[in-house]
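Please read the structure below before turning to the comments.
The values are calculated or read from the model by the stated rules, or taken from the named source; none is laboratory data. Every value quoted in this text rests on a predicted model; they were computed, and no experiment measured them. Cβ placement follows ideal geometry from the backbone for every residue including glycine, while neighbour counts extend to all protein chains displayed. Areas reflect the complete protein model, heavy atoms only, side chains present, ligands, DNA and RNA absent. Shrake-Rupley method; radii C 1.70, N 1.55, O 1.52, S 1.80 Å.
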Amino acid sequence: MDTICTQLVYAPDRDVLVQNERILQSLENELAKTREQSEIYALNHAQGDDVRLSDSTAGLLTYAKSAAQTTGGAFNPTLGLVMDAWGFSATPHVPDPAVLSDLLVQSDYEEITVSGQTANIGATNLDLGGIAKGYALDRIATNLEDQKIESALISLGGSIYAKGKKPDGSAYLIGLRDPAGTANDYFATLMVDGNFISTSGIYERGFTQDGTYYHHIIDPKTGYPVQNNLLSVSVVCASGIDSDIYSTALFVMGLKDGLIFAEAAGLDAVFVTNEKKVYTTDHFAKSFGFTITNEAYRHENA
Ligand code: AMP
Ligand code: MG
């Protein structure tokens, strides 16, 4: 998944670690759009034909489409061609605006149809980078449950799952990355137990061209990186897939609309602006022992 995965599992032996790694490997084989054997590769090269999928990938695609609808297209799993044009993971560069607007036409998630295990994505092209890590964490969480593991901390790029307490009885304390700092800096902490937390931030992937920084969270209306005053959005959920979807979607919606959406949907979310202002949904502010630890950041009333 082109990111770093770490696992901490309290268990009698290493078996669970190996199982979890296999789960990630098999998901990579099913979902990576650059792997010729993957189901997503097959869909992206089907040229409008039906493709037969595994049950799990058919379910994932159905879920992705409905998330796109629920978020009014802020989360859009069909930005594959647009992402390729930016070349974030290959040769990053600003695409030709005319090319970009053509590609946007091929980013209509309504073209996705799934019936049983048969799917068709029309002229679109999938990029599941905004959902795959959370989905993978859900699968790992299920394995931890099956294996009766009571304490674990799994991190997959910007998504984390914490289960149970540490052996000394204390809760897992998660640092929320300081979007203006390095990978080891955090601006706030929270305690998570049995929940997933995903962060979408401009620092995850990007490049600078002619003095302008271009990041990887795309505004589906323009095809360009989202330009608002946000640096990151984190969402805590009981499901990994939802925390991943909504962190991306709320970032795209922006502070004002994102907060309104999050409150209406009952999401626990925190928004960080380029002025180091921190906004949370009401419930989040009182939950998870949320504490701002970096004095440069200020919690503002929404
Ligand atoms: P995340 O780090 O979860 O916010 O996801 C960002 C990744 O999702 C990008 O690297 C792209 O692969 C993909 N992506 C970018 N913009 C969007 C969007 N508006 N909706 C869905 N996925 C997106
Ligand atoms: Mg996401």
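Among the candidates Gly80, Gly73, Gly122, the residue that is within 12 Å of ligand 1 (Cβ to nearest atom), in contact with a helix residue (DSSP H, G or I) (Cβ under 9 Å, 6 or more places away or on another chain), modelled with pLDDT of 95 or more and on the phi > 0 side of the Ramachandran plot is uniquely Gly73. Does Gly134 qualify as being closer than 30 Å to Phe88 by Cβ, in a loop (DSSP other than H, G, I, E, B), among the small types (Gly, Ala, Ser) and in contact with a strand residue (DSSP E or B) (Cβ under 8 Å, 6 or more places away or on another chain)? Judged against the criteria, Gly134 is not a match.
Only one of these is within 14 Å of ligand 2 (Cβ to nearest atom) and under 30 Å from Ala141 (Cα atoms): Asp244, Asp282. Name it. Lay out the reasoning, then the answer.
Numbers: Asp282 fails: within 14 Å of ligand 2 (Cβ to nearest atom).
Within the list Asp244, Asp282, the selection yields Asp244.
Take the residues in the range 193-239 that are over 16 Å from Ile131 (Cβ atoms) and of a type in the set (Asp, Glu); name whichever of them is nearest to ligand 2 (Cβ to nearest atom). For the range 193-239, the residue satisfying everything is Asp219. Answer with yes or no whether Ser159 is within 12 Å of ligand 1 (Cβ to nearest atom), touching a helix residue (DSSP H, G or I) at 6+ places or on another chain (Cβ under 6 Å) and under 24 Å from Val16 (Cα atoms). When the stated conditions are applied, Ser159 passes them.
Against the definition (within 11 Å of ligand 1 (Cβ to nearest atom), in a strand (DSSP E or B) and either open to solvent by 20 Å² or more (accessible area, probe 1.4 Å) or under 30 Å from Glu145 (Cβ atoms) (or both)), how does Val235 come out, yes or no? It is true that Val235 is within 11 Å of ligand 1 (Cβ to nearest atom), in a strand (DSSP E or B) and either open to solvent by 20 Å² or more (accessible area, probe 1.4 Å) or under 30 Å from Glu145 (Cβ atoms) (or both). Give me the residue from the range 145-174 that is open to solvent by less than 70 Å² (accessible area, probe 1.4 Å) and without any contact (Cβ under 8 Å) to a residue 24 or more places away in the chain and, out of that set, farthest from Phe271 (Cα to Cα). Applying the filter and picking the extreme gives Gly169.
Got at least one residue in the range 140-162 being charged (D, E, K, R), more than 16 Å from ligand 2 (Cβ to nearest atom) and part of a helix (DSSP H, G or I)? Within the range 140-162, one or more residues are charged (D, E, K, R), more than 16 Å from ligand 2 (Cβ to nearest atom) and part of a helix (DSSP H, G or I). Scanning the range 240-272 for residues that are without any contact (Cβ under 8 Å) to a residue 40 or more places away in the chain, touching a helix residue (DSSP H, G or I) at 6+ places or on another chain (Cβ under 7 Å) and not in a helix (DSSP H, G or I) yields Leu267, Asp268, Ala269.
Checking each residue in the range 125-144 for being more than 16 Å from ligand 1 (Cβ to nearest atom), open to solvent by 20 Å² or more (accessible area, probe 1.4 Å) and under 19 Å from Ala32 (Cα atoms) picks out only Arg139.
The set of residues in the range 165-217 being in a strand (DSSP E or B), within 16 Å of ligand 1 (Cβ to nearest atom) and of a type outside the set (Val, Ile, Thr) consists of Leu176, Arg177, Phe196, Ser198, Ser200, Gly201, Gly206, Phe207, Tyr213, Tyr214, His215.
In this structure, is Leu27 outside any loop (DSSP other than H, G, I, E, B), more than 20 Å from the chain's Cα centre (by Cα) and not basic (Lys, Arg)? Judged against the criteria, Leu27 is not a match.
Every condition in (1) over 22 Å from the mean Cα position of the chain (by Cα); (2) outside any loop (DSSP other than H, G, I, E, B) holds for Glu275 except the one numbered (2).
Checking the stated criteria, Tyr224 turns out to be open to solvent by 60 Å² or more (accessible area, probe 1.4 Å), within 30 Å of Asp108 (Cα to Cα) and touching a residue at least 40 places away in the same chain (Cβ under 8 Å). Selection of the range 36-65 for residues being of a type in the set (A, V, I, L, M, F, W, C) and under 23 Å from Ile241 (Cα atoms) yields Ile40, Ala42, Leu43, Leu53, Ala58, Leu60, Leu61, Ala64. Whether a residue is surrounded by 14 or more Cβ atoms within 10 Å (Cβ to Cβ), within 16 Å of ligand 1 (Cβ to nearest atom) and over 22 Å from His215 (Cβ atoms) was assessed, and Ile40 passes this test.
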